Amino acid sequence: MERIGFIGAGSMAEAMVAGLIKGNVFQAEQIIVSNRSNSDRLDELAAKYGIKTTHDKEQLVKDASIIVLAMKPKDVKAALDGVQTLIKDHLIVSVLAGISIQTIMAILGKKVSIVRAMPNTSAAIRKSATAIAGSDSVTMKQMKKCVSLFEAIGICKIVEENQLDAVTGLSGSGPAYIYYLVESMEKAAVEVGLDPFVARDLIVQTLLGASEMIAVSEKHPSQLRKEVTSPNGTTEAGISILKEKQVQEAIISCIRRATERSEELKAMFSEELVTNKK
Ligand SMILES: NC(=O)C1=CN([C@@H]2O[C@H](COP(=O)(O)OP(=O)(O)OC[C@H]3O[C@@H](n4cnc5c(N)ncnc54)[C@H](OP(=O)(O)O)[C@@H]3O)[C@@H](O)[C@H]2O)C=CC1
Ligand SMILES: O=C(O)[C@@H]1CCC=N1
């Protein structure tokens with residue numbers, strides 16, 4: 001029986017476990033989860049999903065053929081400590097932001113099949129936008145397995161590893177940009193005299209509707225925007241302020257900076273984790 005083992009039992013691991021079970025990619029008995037020390041958390045996951053949990057990482061690595069790295073980037077070295085020699089023909093799937101395939105190989109001290117993924121927190125409701133990249137040794141079959149793994153929690157695109165910083169800046173961090181927009185719309189709604197609860201519902205539905213329109217329509221978003229914008233109407237008046245305040249330029253700078261930060265973190269982690277520098 002093929003088993004998947006998670007090292008790290010936080011929110012990303014749980015989102016994936018939930019999606020894998022709901023999507024029938026793995027049955028509960030094929031999933032093993034471990035963490036550093038929080039037994040209550042393991043008990044909670046076992047009770048909620050019927051999965052196996054353990055604090056014995058060695059056993060997890062022996063039992064599973066796919067190992068998902070789902071701890072914070074700074075903890076990856078400690079998490080893999082003691083199991084390097086047991087990792088052989090496994091497929092390693094890392095969701096760690098800013099940790100390159102090369103860094104993971106350096107920590108493991110050998111060439112292994114590694115798929116690096118950048119999901120986002122909407123994985124919790126199986127709506128993640130994920131991109132993945134594989135090391136040279138990843139087989140077509142392993143890549144397909146990973147795609148189905150991430151398609152169980154949303155959509156999955158295959159990219160070159162050097163694109164993952166851009167993916168992190170765009171869709172990894174992306175939910176936060178949308179939440180920021182919603183925070184701003186909520187503030188504005190109160191200023192223009194709306195009840196905050198009524199405003200929240202209207203904003204959410206506006207976002208859901210607009211997202212679905214983009215998804216199902218063959219029209220470009222700029223065309224959809226034009227269709228909302230009556231000459232001399234309210235939308236034109238509103239958009240003229242966004243243009244005056246250079247909001248589009250600000251969004252482009254935001255995604256550029258987030259991408260750059262991902263590159264910086266990658267370089268920093270690679271130096272810290274591979275050269276033992278703290
Ligand atoms: N949040 C996001 O939007 C996104 C996050 N990611 C990535 O997902 C990864 C996980 O994030 P998230 O789930 O939010 O993190 P959490 O902080 O929720 O969970 C981290 C988990 O790692 C465990 N852990 C820490 N050290 C070790 C160790 N030495 N051995 C075994 N387990 C260990 C912790 O165990 P314990 O509780 O016992 O300490 C905990 O279960 C991160 O690397 C992040 O970059 C990727 C895309 C988006
Ligand atoms: O903010 C971060 O660094 C992580 C990576 C993508 C989302 N959260």
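The values are calculated or read from the model by the stated rules, or taken from the named source; none is laboratory data. In this text the structure is predicted, and so the values were computed from the model without any measurement. All Cβ positions, even for glycine, are placed from backbone atoms using ideal geometry, and neighbour counts span all protein chains on display.
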The lone condition S39 fails out of (1) within 16 Å of ligand 2 (Cβ to nearest atom); (2) among the hydroxyl-bearing types (S, T, Y); (3) modelled with pLDDT of 95 or more is (1)
Picking from A199, A237, A250, the residue that is surrounded by 13 or more Cβ atoms within 10 Å (Cβ to Cβ) and among the hydrophobic types (A, V, I, L, M, F, W, C) would be A199
Contact list, first residue from segment 1-28 and polar (S, T, N, Q), second anywhere and within 7 Å of ligand 1 (Cβ to nearest atom), beta-carbon distance below 8 Å, six or more apart or interchain, is S11/T121
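Listed here are the residues, each with its yes/no results for (1) loosely packed, with under 15 Cβ neighbours inside 10 Å; (2) closer than 30 Å to S100 by Cα; (3) touching a helix residue (DSSP H, G or I) at 6+ places or on another chain (Cβ under 8 Å).
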{"position": "Q163", "(1), (2), (3)": "no, yes, no"}
{"position": "A166", "(1), (2), (3)": "no, yes, yes"}
{"position": "V192", "(1), (2), (3)": "yes, no, no"}
{"position": "D195", "(1), (2), (3)": "yes, no, no"}
{"position": "L207", "(1), (2), (3)": "yes, no, yes"}
{"position": "E212", "(1), (2), (3)": "yes, no, no"}
{"position": "A215", "(1), (2), (3)": "yes, no, no"}
{"position": "V228", "(1), (2), (3)": "yes, no, yes"}
{"position": "G233", "(1), (2), (3)": "yes, no, no"}
Scanning segment 168-182 for residues that are part of a helix (DSSP H, G or I) and within 15 Å of R257 (Cβ to Cβ), the one farthest from the chain's Cα centre (by Cα) turns out to be Y180
A careful count of residues in segment 120-147 that are farther than 14 Å from S94 by Cβ, small (G, A, S) and surrounded by 22 or more Cβ atoms within 10 Å (Cβ to Cβ) gives 2
Going through segment 8-49 in order, the residues found to be under 19 Å from V95 (Cβ atoms), of a type outside the set (A, V, I, L, M, F, W, C) and more than 8 Å from ligand 1 (Cβ to nearest atom) are G19, K22, G23, Q30, Y49
Being of a type in the set (D, E, K, R) and closer than 21 Å to Y180 by Cβ narrows E218, E244 down to just E244
Taking segment 96-118 and keeping residues within 16 Å of ligand 2 (Cβ to nearest atom) and modelled with pLDDT of 95 or more leaves R116, A117, M118
Kindly indicate whether A106 is in the same structural domain as M16 (by TED's automatic domain parsing) and away from ligand 1 (no atom under 14 Å from the Cβ). yes
Taking segment 148-160 and keeping only residues that are surrounded by 17 or more Cβ atoms within 10 Å (Cβ to Cβ), in a helix (DSSP H, G or I) and either in contact with a strand residue (DSSP E or B) (Cβ under 6 Å, 6 or more places away or on another chain) or among the acidic types (D, E) (or both), one is left with F150
Note on segment 129-140: residues closer than 14 Å to V68 by Cβ and either of a type in the set (S, T, Y) or at pLDDT below 95 (or both) are T130
